[in-house]
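Visitor: Below is a structure I'd like to ask you about.
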Amino acid sequence: MYCKITRKTKEEDYKRNLRPPHSLIKAILLIGMLCCGSNLAFPQTNSTIAAETGNNTSASDNFRGMENGNAPAGPVSKVSVHTLLYPGNTTRIYARLMPFFGDKSHLDVGYDSADPRQVARQVEDMISRGIDGTILDWYGPERGRSDKIASLLRDEAERRNGFEFGISEDHGALENCAKRPGCDVTQRLIDDLNYAYEHFERSPAYMRQNGRPVVMFFDVEAKSVDWGRVRQKVAGHPLFVFRNSGAFSLQQSDGGYAWIGEAKEGGNGMPYLQRFYKASLRGRQEGTEFTMGSAYKGFDDSAASWGKHRLLKQDCGKTWLETFAQANQIFSGGNQLDALQIVTWNDYEEGTEVESGIDNCVQISASVAGKTLRWKVSGDENTLDHYTVWASSDGKNLSRVADIPVKAQSMELDRYPDLSNGNLELFVEAIGKPCLTNHMSNGVHLGNVPGR
């Protein structure tokens, strides 16, 4: 059967941020078309049921989800995460990467963080979601795993045009020195940062602000450090950026970055972000050079060996969306936020990972009555970006018919007259907002509909 879709309305011109297929999916589709052929000659993008409902992320195919809210690996929206920020934003968006997995002291999530193939998959997945770079939680050169991953990230970022990487020195890098009598913690930090300059910050792919490399710290300020000495002895003239709103009042700080709301405040932690952004505005007035906001889906450390049963609810993706809304209340095209960090890409143990997607608790069903395709959605439609209507002649291969704005819940079939040429099956896919899960409807057989 040869079937060509006639485009007669503005529905199918809805082209904003269409989901780009994963490179692996591209290869599968190409092989499928070469081996099996295609009955349909739609000018739109081809896909398959398997591709649209399977795992399109860098999470392991074997990851089945967790009770702390981590979604099973599956179909995730590849709409650019930048669409959640204010119009005209030039904000650079980074994802915080944890180096733990594959280490026997941490949860088995189905991959080894130090596997070069996994690092490449993660960078590819981040890019496909519109993420500009990644920041590694780094434990210094003495911890071989995190240092190896830093080198892999550097090499991978240099292969990808425009993708950046950065280093965040974790306080854990200094723990052994702090426990050894006579060990100079300040010198240990100086050695770590000079190593980072020589091995990472000189890379053209390293993150910078106004030409200076950005070095972030996670609770290092809690250690006994002579920051004046650090400034004098560290190469590269980096910006020092610390965590939480207090960063803007630290003498040694060049800026601050936000993290996750405080569980003790309950709800989804928005008061934390409100305090941070207000402090950042005061910091700018006093000459702060760098502000990095944050976005997160929630928090649940019940699966972590160090957990304290702290909880921030995900609320079916609404917490994720609200974190962006907080930034949008303060910043704009004329008052840009320098950067924003996704907290986190892959901390499965604290329930903050977005790698496997964020469950928006949506379901969709489709039906045809007369000449109208209709669909019903359960769950919050505000977590969706748009709908995609697909046609299939074999129940496996798909051809895109139209992309339709999220407020519509029907499509007039007579606007696509060639849909009547054969026993086609239609599917409606609910495409989530960035990083939220996609959902496919049941198939509707047009050949079985009376009057068609």
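The values are calculated or read from the model by the stated rules, or taken from the named source; none is laboratory data. Remember, predicted model here, so these are calculated numbers, not experimental data. In this analysis, Cβ positions are derived from the backbone assuming ideal geometry, glycine residues included, and neighbour counts consider all displayed protein chains. Side chains included, ligands, DNA and RNA excluded: accessible areas come from the protein's heavy atoms. Shrake-Rupley method; radii C 1.70, N 1.55, O 1.52, S 1.80 Å.
Visitor: Looking only at chymotrypsin sites (Phe, Trp or Tyr not before Pro) in DSSP loops with at most 12 other Cβ atoms within 10 Å, what is the longest site-free stretch of the chain? Show your work: numbers first, answer last.
Guide: Details: sites that count: Tyr2, Trp306.
The longest such stretch corresponds to 3-305.
Visitor: I would also like to ask the following. Place a point 7 Å from Cα of Glu198 in the direction of its Cβ. Which residues in region 217-257 have their backbone N less than 20 Å from it?
Guide: 230-239
Visitor: Take Arg160 and Asp115, extend 7 Å from each Cα along the Cα→Cβ direction, and tell me the distance between the two endpoints in nm.
Guide: 1.8
Visitor: Using the Cα gyration tensor of region 259-408, with a ≥ b ≥ c the square roots of its eigenvalues, what is the shape: rounded (a/c below 1.5), prolate (a/b larger than b/c) or oblate (neither)? Please report the intermediate quantities before stating the final value.
Guide: Working: a/c = 2.70, a/b = 1.74, b/c = 1.55.
The shape class here is prolate.
Visitor: Let me ask something else about it. How high is the FRET efficiency from Lys396 to Lys371, r the C-beta distance, R0 25 Å, rounded to 0.05? Could you put the intermediate results ahead of the total?
Guide: Details: r = 26 Å, r/R0 = 1.04.
Efficiency computed from Cβ-Cβ geometry: 0.45.
Visitor: To the nearest 0.05, what FRET efficiency results for Arg64 and Glu175 with a Förster distance of 25 Å applied to their C-beta separation? Display every interim value, and only then the final one.
Guide: Working: r = 34 Å, r/R0 = 1.34.
Plugging the Cβ-Cβ distance into 1/(1 + (r/R0)^6) gives 0.15.
Visitor: Projecting each Cα onto the charge dipole of region 170-280 (Lys/Arg +1, Asp/Glu -1 at the beta carbon, about the Cα centre), which of Val234, Phe217, Ser280 comes out farthest on the positive side?
Guide: About the Cα centre, the residue reaching furthest to the positive side is Ser280.
Visitor: Continuing with this model, one more query. Based on DSSP H runs of at least 4 residues, each adding -39500 (n - 2.57), what is the mean residue ellipticity at 222 nm of the chain after dividing by all its residues, to the nearest 500 deg cm²/dmol? List each step's numbers first, then the result.
Guide: Numbers: 9 runs with 101 residues, N = 452.
After summing the helix terms and dividing by residue count, I get -7000 deg cm²/dmol.
Visitor: Still on this model: For region 123-249, what class follows from the C-alpha gyration tensor (a ≥ b ≥ c being the square roots of its eigenvalues): rounded when a/c is under 1.5, otherwise prolate if a/b is larger than b/c, else oblate? Provide the component values of the computation, followed by the final result.
Guide: On the way: a/c = 1.88, a/b = 1.63, b/c = 1.16.
Here region 123-249 falls in the prolate category.
Visitor: Next question. Mind listing which trypsin sites (Lys or Arg not before Pro) in region 392-448 are in a DSSP loop and have 10 or fewer other Cβ atoms within 10 Å? Can you show the working numbers first?
Guide: On the way: sites: Lys396, Arg400, Lys407, Arg415; in loops: Lys396, Lys407.
Passing both the DSSP loop test and the Cβ count: Lys407.
Visitor: How large is the charge dipole for region 324-424, taken about the Cα centre, if only the Cβ atoms of Lys, Arg (+1) and Asp, Glu (-1) carry charge, to the nearest 20 debye?
Guide: Working: 7 positive and 15 negative charges, 162 e Å.
Computed about the Cα centre, the dipole is about 780 debye.
Visitor: If you don't mind, there's one more thing I want to ask. Quick one: in region 68-115, what % of C-alpha pairs are over 16 Å apart?
Guide: Numbers: 712 of 1128 pairs.
Here the long-distance tail beyond 16 Å is 63 percent of all Cα pairs in region 68-115.
Visitor: What figure in square angstrom, to the nearest 10, would you give for the accessible area of Ser60 with a 1.4 Å probe?
Guide: The accessible area comes out at roughly 10 Å².
Visitor: Counting alpha carbon pairs within less than 8 Å and at least 6 residues apart, what relative contact order, in whole percent, applies to the chain? Before the final figure, lay out each step's value.
Guide: On the way: 983 pairs, mean separation 89.5, N = 452.
Averaging sequence separation for qualifying contacts and normalising by length gives 20 percent for the chain.
Visitor: Between 0 and 90 degrees, rounded to the nearest ten: what's the tilt of helix 144-159 against the longest Cα principal axis of the chain?
Guide: Result, in degrees: 60.
Visitor: Dipole size in debye (nearest 20) for the chain around its Cα centre, Lys and Arg Cβ +1, Asp and Glu Cβ -1?
Guide: Values: 52 positive and 57 negative charges, 213 e Å.
Using only the charged Cβ atoms, the result is roughly 1020 debye.
Visitor: Right, here's the next one. For the chain, find the longest principal axis of its Cα atoms and tell me its angle to the long axis of helix 318-330, 0 to 90°, nearest 10.
Guide: Value to nearest ten degrees: 60.
Visitor: Are there trypsin sites (Lys or Arg not before Pro) in region 53-98 that DSSP puts in a loop and that have at most 14 other Cβ atoms within 10 Å, and which ones? Don't skip to the end; give the middle numbers.
Guide: Working: sites: Arg64, Lys78, Arg92, Arg96; in loops: Arg64, Lys78.
In loop regions of region 53-98 (DSSP not H, G, I, E or B), the sparsely surrounded trypsin sites (Lys or Arg not before Pro) are Arg64.
Visitor: Measure nothing fancy, just the Cα-based angle from helix 185-196's long axis to the longest principal axis of the chain, in degrees from 0 to 90, nearest 10.
Guide: Compared with the principal axis, the helix lies near 50 degrees.
Visitor: List the GluC sites (Glu not before Pro) within region 212-307 that DSSP assigns to loop and that have no more than 11 neighbouring Cβ atoms inside 10 Å.
Guide: Details: sites: Glu221, Glu262, Glu265, Glu286, Glu289; in loops: Glu262, Glu286, Glu289.
Here the sparse-neighbourhood loop sites are Glu286.
Visitor: What is the percent carbon and sulfur in the accessible area of region 301-452, measuring with a 1.4 Å probe over the protein chains and ignoring ligands? Mind dumping the intermediate values first?
Guide: On the way: 2490 of 5440 Å².
Ligands and nucleic acids excluded, carbon and sulfur give 46 percent.
Visitor: Between Thr45 and Met270, what is the label-to-label distance in nm when each label sits 7 Å out along the Cα-to-Cβ direction?
Guide: Output for this residue pair reads 3.2 nm.
Visitor: Round to the nearest 10 and report in Å² the accessible area of His106, as given by a 1.4 Å probe over the protein chains' heavy atoms.
Guide: Surface accessible to solvent at His106 totals approximately 50 Å².
Visitor: Taking Cα extents along the principal axes in Å straight from the coordinates, which label in (i) 86, 43, 41; (ii) 114, 59, 44; (iii) 67, 56, 40 is the correct one?
Guide: (i)
Visitor: Can you give the net charge of the other residues whose Cβ lies under 10 Å from the Cβ of Met216, counting K and R as +1 and D and E as -1? Show your work: numbers first, answer last.
Guide: Working: positive: Arg96, Arg243; negative: Asp137, Glu169, Asp170.
For residues surrounding Met216, the net value is -1.
Visitor: Something else about it: On a 26 Å Cα-Cα criterion, which of the cross-link pairs Lys179/Lys264; Lys78/Lys313; Lys313/Lys396; Lys313/Lys433; Lys376/Lys433 come out too long?
Guide: Lys179/Lys264; Lys313/Lys396
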